[in-house]
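The values are calculated or read from the model by the stated rules, or taken from the named source; none is laboratory data. Remember, predicted model here, so these are calculated numbers, not experimental data. All Cβ positions, even for glycine, are placed from backbone atoms using ideal geometry, and neighbour counts span all protein chains on display. Note: areas computed on protein heavy atoms with side chains; ligands, DNA, RNA excluded. Shrake-Rupley method; radii C 1.70, N 1.55, O 1.52, S 1.80 Å.
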Amino acid sequence: MFDKSINAYDKAKQVIPGGVDSPVRAFAGVIGTPPFITKGEGSFMYDVDGNKYLDFVQSWGPLIFGHANKDIQEVVIDTVQNGLSFGAPTELETALANEIVDMFDNIDKVRFVSSGTEAVMSAIRLARGVTNKDNIIKFEGCYHGHSDSLLVSAGSGLATFGKPSSPGVPADLIKHTILSEYNNISALEECFLNNSDISCIIIEPIAGNMGLVPASQEFLSKCRELCDKHEALLIFDEVMTGFRASLNGASGIVNTKADIITFGKVIGAGMPVGAFASSKEIMAHLSPDGAVYQAGTLSGNPVAMAAGLKSLQMLKANPSIYEDLNAKATRLVSGLKQEASKCNIPLQVNTRGSMFGFFFNENVCVNMKEVGTCDFDAFALFHNEMLKRGFYFACSQYEAGFICTTMTNDDIDSCINASAEVFKIISENK
């Protein structure tokens with residue numbers, strides 16, 4: 001069933017570290033070999049062995065309209081015919097920036113980059129430049145890319161200075177990163193109590209990198225309150241949720257406004273792209289207008305701009321898309337929970353717009369520590385058995401899943417029906 005993928009993976013490992021260009025793709029957290037994909041069409045992906053999968057990953061979020069959407073493909077092909085990249089301004093950048101700014105009342109200007117990691121790294125530099133402070137607060141379980149200052153692990157106590165979670169990250173470099181617990185107000189207050197040099201809080205308002213774990217409104221309000229009190233900036237990392245969780249991303253769901261928002265994934269409709277945005281006063285500190293330097297040779301790539309512009313225009317033309325996507329996400333996780341319950345398997349589920357998540361856990365998970373108590377063996381078995389049956393879920397308990405517009409209720413129901421047998425297998429293996 002996976003012979004060609006196994007062979008392709010063996011060959012890839014000879015020339016690519018781990019055989020993959022992003023570690024989670026190596027299937028280390030689940031069972032089996034990663035399928036090597038040849039094409040996508042609508043809700044489905046196809047691998048080198050000819051297997052067909054209903055895809056609940058959708059390139060980790062950006063493909064709201066599914067794989068190979070004809071309208072987006074058309075503008076990409078038209079743009080490519082004029083050139084792949086210029087290293088010079090194009091009107092497409094301005095057009096996409098206008099579409100994004102138009103959707104938010106707390107941002108005036110956008111700077112495009114080439115990845116979410118780059119967007120967050122630049123947003124933090126900007127926050128430090130604006131406040132003239134060095135320390136940042138991040139939360140355990142919120143992933144903001146692989147830049148050095150953000151690769152930290154938890155220490156003891158409610159709030160602590162981070163320790164490097166990867167070799168190659170100097171301790172001195174991340175000594176200004178203060179790690180706190182997600183959804184824990186007392187820990188956050190302690191951070192400000194013990195540190196007077198905090199430039200910003202960076203947070204995923206809907207975390208999608210420890211499974212799907214939303215921040216409570218009370219917690220986000222406290223983030224805003226403490227930033228205002230201590231003259232720090234609040235950064236929302238919406239690389240995953242921007243234009244995904246709602247037309248206005250997480251910012252359109254929560255009742256808290258950020259000073260800086262980072263985007264990625266969805267605003268490129270599958271092309272490599274990222275962005276950070278803020279008020280004109282804050283963005284005035286950015287080069288060439290101000291002293292905070294940031295640059296990128298391929299930033300504002302015209303092909304990525306064209307794809308993202310078309311996707312956002314399609315979303316804005318039909319905002320009811322999000323109601324349909326959320327209904328399907330709810331249908332999926334409710335069905336999975338029901339089938340799991342029949343086998344006496346506790347399953348916690350959640351949705352936000354077209355995003356969904358589920359945990360093999362007795363209790364609701366609201367932070368990384370609680371997610372760590374999940375039954376990871378059960379998840380790994382679930383993932384493997386569902387893959388065999390043609391259903392492609394994120395290959396880590398720590399990742400959210402995604403619905404696309406081309407998925408039908410029949411597609412969802414076929415997944416739920418298949419899960420019934422899989423939950424029985426999990427129950428028998430306990």
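Output yes when any residue across the range 19-35 is outside any loop (DSSP other than H, G, I, E, B), under 20 Å from the mean Cα position of the chain (by Cα) and among the aliphatic types (A, V, I, L, M), and no when none is. Lay out the reasoning, then the answer.
Let us first name the residues in the range 19-35 that are outside any loop (DSSP other than H, G, I, E, B), namely 19, 23-26.
Within this subset, residues satisfying the condition of being under 20 Å from the mean Cα position of the chain (by Cα) are 23-26.
Remaining after also requiring among the aliphatic types (A, V, I, L, M): 24, 26.
Taking every residue of the range 19-35 in turn, at least one turns out to be outside any loop (DSSP other than H, G, I, E, B), under 20 Å from the mean Cα position of the chain (by Cα) and among the aliphatic types (A, V, I, L, M).
Can you list residue pairs whose Cβ atoms sit under 7 Å apart, with the first residue in the range 259-275 being more than 20 Å from Q294 (Cα to Cα) and the second being hydroxyl-bearing (S, T, Y) and open to solvent by less than 10 Å² (accessible area, probe 1.4 Å)? Count only pairs 6 or more apart in sequence or on different chains.
A269/S311
State which residue is least open to solvent (accessible area, probe 1.4 Å) when the search covers only the range 209-233 and only residues that are over 24 Å from T351 (Cα atoms) and in contact with a Phe, Trp or Tyr (Cβ under 6 Å, 6 or more places away or on another chain).
L226
For the range 390-421, how many residues meet the condition of being touching an Asp or Glu at 6+ places or on another chain (Cβ under 7 Å) and either without any contact (Cβ under 8 Å) to a residue 40 or more places away in the chain or of a type outside the set (G, A, S) (or both)? Outline the logic, then answer.
Restricting attention to the range 390-421, the residues satisfying the condition of being touching an Asp or Glu at 6+ places or on another chain (Cβ under 7 Å) are 392, 416, 419-420.
In the following step, the residues that additionally are either without any contact (Cβ under 8 Å) to a residue 40 or more places away in the chain or of a type outside the set (G, A, S) (or both) were identified as 392, 416.
Matching residues across the range 390-421 total 2.
In the list A275, A306, which residue meets the criterion of being assigned to a helix (DSSP H, G or I) and either crowded, with 17+ Cβ neighbours inside 10 Å or in contact with a Leu (Cβ under 9 Å, 6 or more places away or on another chain) (or both)? Give the derivation first.
Numbers: A275 fails: assigned to a helix (DSSP H, G or I).
A306 is the lone residue from the list that is assigned to a helix (DSSP H, G or I) and either crowded, with 17+ Cβ neighbours inside 10 Å or in contact with a Leu (Cβ under 9 Å, 6 or more places away or on another chain) (or both).
Residue by residue through the range 165-194, note down the ones that are open to solvent by 10 Å² or more (accessible area, probe 1.4 Å), under 30 Å from T351 (Cα atoms) and hydrophobic (A, V, I, L, M, F, W, C).
I185
Does the range 345-353 contain at least one residue that is free of Cβ contacts under 8 Å to residues at least 12 places away in the same chain, open to solvent by 30 Å² or more (accessible area, probe 1.4 Å) and either in contact with a Gly (Cβ under 9 Å, 6 or more places away or on another chain) or farther than 30 Å from L381 by Cβ (or both)? Give the steps one after another, and end with the answer.
Step one: filter the range 345-353 for residues free of Cβ contacts under 8 Å to residues at least 12 places away in the same chain, giving none.
No, the range 345-353 contains no residue that is free of Cβ contacts under 8 Å to residues at least 12 places away in the same chain, open to solvent by 30 Å² or more (accessible area, probe 1.4 Å) and either in contact with a Gly (Cβ under 9 Å, 6 or more places away or on another chain) or farther than 30 Å from L381 by Cβ (or both).
Going through G145, G141 one at a time, which residue ends up being farther than 30 Å from D411 by Cα, touching a Phe, Trp or Tyr at 6+ places or on another chain (Cβ under 6 Å) and modelled with pLDDT under 95?
Matching residue, one of G145, G141: G141.
State whether the residues of the range 195-208 include one that is at pLDDT 95 or above, of a type in the set (S, T, Y), part of a loop (DSSP other than H, G, I, E, B) and buried (at least 24 other Cβ atoms within 10 Å of the Cβ).
no
Only one of F359, F376 is under 25 Å from the mean Cα position of the chain (by Cα), open to solvent by less than 20 Å² (accessible area, probe 1.4 Å) and touching a residue at least 24 places away in the same chain (Cβ under 8 Å); which?
Details: F376 fails: open to solvent by less than 20 Å² (accessible area, probe 1.4 Å).
Answer to the selection: F359.
With surrounded by fewer than 21 Cβ atoms within 10 Å (Cβ to Cβ) and free of Cβ contacts under 8 Å to residues at least 24 places away in the same chain as the only criterion, which of A291, A295 stands out?
That would be A295, the only listed residue that is surrounded by fewer than 21 Cβ atoms within 10 Å (Cβ to Cβ) and free of Cβ contacts under 8 Å to residues at least 24 places away in the same chain.
Looking at this structure, is T94 open to solvent by 20 Å² or more (accessible area, probe 1.4 Å), within 25 Å of S251 (Cα to Cα) and modelled with pLDDT under 95? Show your work before the answer.
Values: open to solvent by 20 Å² or more (accessible area, probe 1.4 Å): yes; within 25 Å of S251 (Cα to Cα): yes; modelled with pLDDT under 95: no.
When the stated conditions are applied, T94 does not pass them.
Conditions (1) under 30 Å from G296 (Cα atoms); (2) of a type in the set (V, I, T), marked per residue:
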residue: P34; (1), (2): no, no
residue: G61; (1), (2): yes, no
residue: T79; (1), (2): yes, yes
residue: L84; (1), (2): yes, no
residue: G87; (1), (2): yes, no
residue: T94; (1), (2): yes, yes
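Given G390, G353, which one is at pLDDT below 95 and within 30 Å of N69 (Cα to Cα)?
Numbers: G390 fails: at pLDDT below 95.
Going through G390, G353 in turn, just one is at pLDDT below 95 and within 30 Å of N69 (Cα to Cα): G353.
Among the residues of the range 74-132, write down those that are of a type in the set (A, V, I, L, M, F, W, C), in contact (Cβ under 8 Å) with a residue 60 or more places away in the chain and part of a loop (DSSP other than H, G, I, E, B).
L84, F86, M103, F104, I107
Being over 15 Å from L96 (Cβ atoms) and either among the small types (G, A, S) or modelled with pLDDT of 95 or more (or both) narrows it down to one of F263, F276, F236, so name that one. Give the derivation first.
Values: F263 fails: over 15 Å from L96 (Cβ atoms); F276 fails: over 15 Å from L96 (Cβ atoms).
Matching residue, one of F263, F276, F236: F236.
Among the residues of the range 26-37, which ones are closer than 16 Å to F391 by Cα and open to solvent by 60 Å² or more (accessible area, probe 1.4 Å)? Spell out the reasoning first.
Quick first cut of the range 26-37, residues closer than 16 Å to F391 by Cα only: 27, 30-37.
Hits for the range 26-37 are I31, I37.
Among the residues of the range 362-373, what is the count of those that are part of a loop (DSSP other than H, G, I, E, B) and within 18 Å of F139 (Cβ to Cβ)? Even if it seems obvious, please write down each step before you answer.
Pass one, the range 362-373, residues part of a loop (DSSP other than H, G, I, E, B): 362-367, 372-373.
Those left that are additionally within 18 Å of F139 (Cβ to Cβ): 364-367, 372-373.
Qualifying residue count for the region: 6.
So is I77 within 19 Å of F402 (Cα to Cα) and either among the β-branched types (V, I, T) or modelled with pLDDT under 95 (or both) or not? Walk me through how you get there before you give the answer.
Values: within 19 Å of F402 (Cα to Cα): no; either among the β-branched types (V, I, T) or modelled with pLDDT under 95 (or both): yes.
Against the criterion (within 19 Å of F402 (Cα to Cα) and either among the β-branched types (V, I, T) or modelled with pLDDT under 95 (or both)), I77 does not qualify.
Just need a number here: residues in the range 381-430 that are open to solvent by 40 Å² or more (accessible area, probe 1.4 Å), assigned to a helix (DSSP H, G or I), among the acidic types (D, E) and closer than 30 Å to P319 by Cα.
2
Taking the residues in the range 114-144 that are within 17 Å of M283 (Cβ to Cβ) and of a type in the set (G, A, S) as candidates, determine which candidate is surrounded by the most Cβ atoms within 10 Å (Cβ to Cβ). Write out each step before concluding.
Going through the range 114-144, the residues within 17 Å of M283 (Cβ to Cβ) turn out to be 118-132.
Those left that are additionally of a type in the set (G, A, S): 119, 122-123, 127, 129.
Values: A119: 29, S122: 25, A123: 31, A127: 27, G129: 19.
For the range 114-144, the residue satisfying everything is A123.
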